[in-house]
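One structure below.
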Amino acid sequence: MLDLFDRRPIFLKSPKNRWRTGPLPPCKLVLPFIHPAMITFCNPHHALHQGQFEMFRGALVPCHEVPARADQVLAELQRRRLGEVRHPQPFAAAALESIHSPRYLRFLETAWSQWVAIDPANAAHDALPSVWPTRGFRADVEPDNFAARMGLYSFDAGSPLTSGTWVAARAGAECALSAAEQVAQGARAAFALTRPPGHHAGADFFGGYCFLNNAAFAAQHLRNSGRERVAILDVDYHHGNGTQAIFYDRPDVFFASLHGDPRTEYPFFLGHADETGHGAGQGTNLNLPMPRGTVYADWSGALDVALAAIRRFGAQALVVSLGVDTFVGDPISGFALRSDDYLRMGERLEAVGLPTVLVFEGGYAVDAVGVNAVNVLQAFA
Ligand code: FKS
Ligand code: ZN
């Protein structure tokens with residue numbers, strides 16, 4: 001497809017028979033294939049997942065994780081003409097099963113129809129869990145009761161499961177896989193523009209607005225495509241507990257996360273600095289928790305630490321869990337990054353020099369989420 005606004009430099013033969021760069025002329029030319037600097041895979045079905053309410057301080061409040069977030073990022077990408085935007089390609093079920101358990105996937109795929117089968121009136125509102133197996137309970141027996149299974153496969157009451165959750169989340173996984181495939185084929189960088197987000201979802205649980213772990217799919221796909229060591233850098237405000245758990249005992253996937261201190265910040269029960277990996281994965285997990293109010297000058301010091309560790313690990317590819325809820329104006333988070341800081345962040349990530357898959361995660365200041373996310377991407381384009 002010829003994009004008239006594509007600003008990739010191309011090489012034209014000048015009359016003096018020297019190669020020079022020039023703008024893309026509006027005619028059909030046979031051009032040598034040049035990898036685009038930044039290609040985006042956007043989720044065509046993301047808006048099918050549209051939760052109504054999340055539980056907050058004893059009340060149901062409107063969801064923060066709304067379709068407009070992704071729409072804003074797409075609009076800003078197109079406004080700045082930052083590379084090509086495509087829909088993802090389909091992938092076999094095996095790609096999903098490389099990260100999530102079969103019984104969890106079966107549950108997610110069939111949950112909505114089971115919810116409505118309990119009572120057709122349920123179709124009017126989302127399903128939220130309300131009971132969980134905590135310490136001492138059994139997780140190996142899958143209950144027949146639907147509410148019990150919602151609890152078995154989740155960890156909070158902030159992540160409504162809706163009629164379109166499965167289709168949206170699966171298409172999101174395909175965005176992450178397509179972006180990883182693009183990078184595996186030699187692209188410098190690719191962006192998975194999708195929601196619901198993924199980094200809180202574990203092998204067999206949802207929570208924190210996340211159902212399928214998109215960053216984990218990307219990292220695993222890069223591994224399957226021959227990159228022996230892959231690093232995941234999670235810059236979302238919230239600790240990526242799902243991603244950490246999935247790779248915690250893996251020596252081949254390094255996980256580094258910059259986030260609000262879990263002593264005060266969601267997801268509370270994981271993300272401390274002393275979590276360094278387990279077994280063969282000992283030393284391949286790095287958590288850098290920071291206090292509320294952290295500004296870019298301090299945040300970027302932690303980024304230095306994470307990037308140095310990724311370099312020492314010898315990563316051959318990078319996956320970035322790109323949440324921009326570190327923004328000062330974010331309604332549910334506590335850091336104080338400014339929109340310009342995301343330009344500097346993008347420059348730093350680009351300077352790592354690794355083939356990079358960026359995966360969209362959080363960011364709830366809807367009016368700023370497009371500018372902030374695309375500021376990061378611009379450095380790669
Ligand atoms: C605020 C309560 C906080 C959950 C916060 C979830 C954060 C999700 C995220 C993701 F990237 F996954 F989207 N509730 N009223 O930003 O980490
Ligand atoms: Zn977040």
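The values are calculated or read from the model by the stated rules, or taken from the named source; none is laboratory data. The structure presented is a predicted model; accordingly, all values stated were derived computationally and were not measured. Note that each Cβ is placed from the backbone with ideal geometry, even for glycine, and that neighbours are counted across all protein chains shown. Quick note on the areas: whole protein, heavy atoms, side chains included, nothing else; ligands and nucleic acids left out. Shrake-Rupley method; radii C 1.70, N 1.55, O 1.52, S 1.80 Å.
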Practice task
Calculate the length of the line joining the C-alpha centroid of region 338-381 to that of region 42-84, in whole Å.
Solution key: 17 Å
Fill in the blank from the handout: For region 189-277, listing chymotrypsin sites (Phe, Trp or Tyr not before Pro) in a DSSP loop whose Cβ sees at most 11 other Cβ atoms within 10 Å gives Phe269
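Only bridges whose two residues both fall in the chain count here: according to DSSP, what percent of them are antiparallel, nearest 5?
Numbers: 11 of 44 bridges.
Looking only at bridges with both residues in the chain, the antiparallel portion is about 25 percent.
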Practice task
Assign one of three labels to the chain, namely rounded, prolate or oblate, based on the Cα gyration tensor with a ≥ b ≥ c the square roots of its eigenvalues; rounded applies when a/c is under 1.5, prolate when it is not and a/b is larger than b/c, and oblate otherwise.
Solution key: prolate
Problem - Helix 339-351 vs. the chain, principal-axis angle (Cα, 0 to 90°, nearest 10) - result: 70 degrees
Exercise for the section: Give the long-range amide H neighbours of Phe41: residues separated by 5 or more places, or on another chain, with amide H under 5 Å away, using H modelled in the peptide plane at 1.01 Å from N. Expected result: Arg86, Phe191, Ala192, Leu193
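Taking the square root of 5 times each eigenvalue of the Cα gyration tensor, what semi-axes in Å does the equivalent ellipsoid of region 112-194 have, largest first? Could the numbers behind the result be given before it?
Numbers: eigenvalues 215, 64, 21 Å².
The three semi-axes for region 112-194 are 33, 18, 10 Å.
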Completion exercise
Karplus ³J(HN,Hα) for region 206-223 (6.51 cos²θ - 1.76 cosθ + 1.60, θ = phi - 60°; Hz, whole; x = Gly/Pro) runs 10, x, x, 6, 10, 10, 10, 8, 4, 5, 5, 4, 4, 4, 5, 5, 5, 4
Practice task
For region 221-270, state which trypsin sites (Lys or Arg not before Pro) are in a DSSP loop and have at most 15 other beta carbons lying within 10 Å of their beta carbon.
Solution key: Arg263
Problem - DSSP-assigned coil residues among chymotrypsin sites (Phe, Trp or Tyr not before Pro) in region 97-161, each with at most 11 further Cβ atoms within 10 Å - result: Phe137
Handout entry: Area of Thr134 that stays accessible when all protein chains are in place (1.4 Å probe, Å², to 10)
Key = 70 Å²
Practice task
Order the following by accessible area, largest value first: Ile118, Ile39. Probe radius 1.4 Å; ligands, DNA and RNA are ignored.
Solution key: Ile118, Ile39
Practice task
Classify region 175-330 as rounded, prolate or oblate, taking a ≥ b ≥ c as the square roots of the eigenvalues of its Cα gyration tensor: rounded when a/c is under 1.5, otherwise prolate if a/b is larger than b/c and oblate if not.
Solution key: rounded
Completion exercise
With only helices counted (DSSP H, runs n ≥ 4, each -39500 (n - 2.57)), the per-residue ellipticity at 222 nm for the chain, to the nearest 500, works out to -10000 deg cm²/dmol
Handout entry: Exposure of Asp274 as accessible area (Å², to 10), given a probe of 1.4 Å and all protein chains
Key = 120 Å²
Exercise for the section: Based on a Kirkwood Rh over C-alpha pairs, give the Stokes-Einstein translational diffusion coefficient of region 245-290 at 25 °C and viscosity 0.890 mPa s in µm²/s. Expected result: 232 µm²/s
Practice task
Return the long-range amide H neighbours of Asp234 (sequence gap of 5 or more, or a different chain), with a cut-off of under 5 Å between placed amide H atoms.
Solution key: Ala256, Ser257, Leu258, Ser321
Fill in the blank from the handout: Treating every alpha carbon of region 285-325 as one equal point scatterer without solvent, the Debye formula yields log10 I(q)/I(0) values at q = 0.23, 0.31 Å⁻¹ of -0.93, -1.26
Fill in the blank from the handout: HN-Hα couplings for region 278-286 via Karplus (6.51, -1.76, 1.60; θ = phi - 60°), in whole Hz with x for Gly/Pro, come out as 9, x, 5, x, 4, x, 10, 9, 9
